[in-house]
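Down below is the structure, laid out as structure tokens.
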Amino acid sequence: MALKSFVREKAILSSSQTIVVVKSLYPQVDVQAVGEGFVANCTKEDTLALMVKAQGAAAALVENIEL
């Protein structure tokens with residue numbers, strides 16, 4: 001259980017930092033909406049394509065996150 005709690009805490013920290021970076025670049029972003037997930041008309045294929053496109057930026061962010 002301690003490992004699960006630790007991993008959850010780090011996931012929240014990492015996600016928070018990512019959302020803050022996005023908000024700093026795009027102030028109009030509604031951070032609460034981000035927590036609701038993808039828009040209803042985003043297909044599984046669209047989701048996977050977006051994830052592939054985001055991997056490079058995600059890797060760069062990981063280098064800047066204190067893990």
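The values are calculated or read from the model by the stated rules, or taken from the named source; none is laboratory data. These numbers were taken from a predicted model, which means no experiment stands behind them. Heads up, the Cβs are rebuilt from the backbone with ideal geometry, glycines too, and the neighbour counts pull from every protein chain shown.
Filter the range 1-21 down to residues that are outside any loop (DSSP other than H, G, I, E, B) and free of Cβ contacts under 8 Å to residues at least 12 places away in the same chain, then give me how many there are.
The qualifying residues number 13.
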Residues (within 13 Å of the chain's Cα centre (by Cα), of a type outside the set (A, V, I, L, M) and loosely packed, with under 10 Cβ neighbours inside 10 Å) located in the range 23-48: Gln32, Gly35, Glu36, Gly37
Residue in the range 5-20 that is nearest to the chain's Cα centre (by Cα), counting only those that are of a type in the set (Gly, Ala, Ser) and surrounded by 10 or more Cβ atoms within 10 Å (Cβ to Cβ): Ser15
Near pairs, Cβ below 6 angstrom, 6+ apart or cross-chain, from the range 22-42 (within 24 Å of Ala60 (Cβ to Cβ)) to any residue that is charged (D, E, K, R) and modelled with pLDDT of 90 or more: Val29/Lys23; Val31/Lys23
Test: residue in the range 32-39 that is modelled with pLDDT under 90 and in a helix (DSSP H, G or I): yes
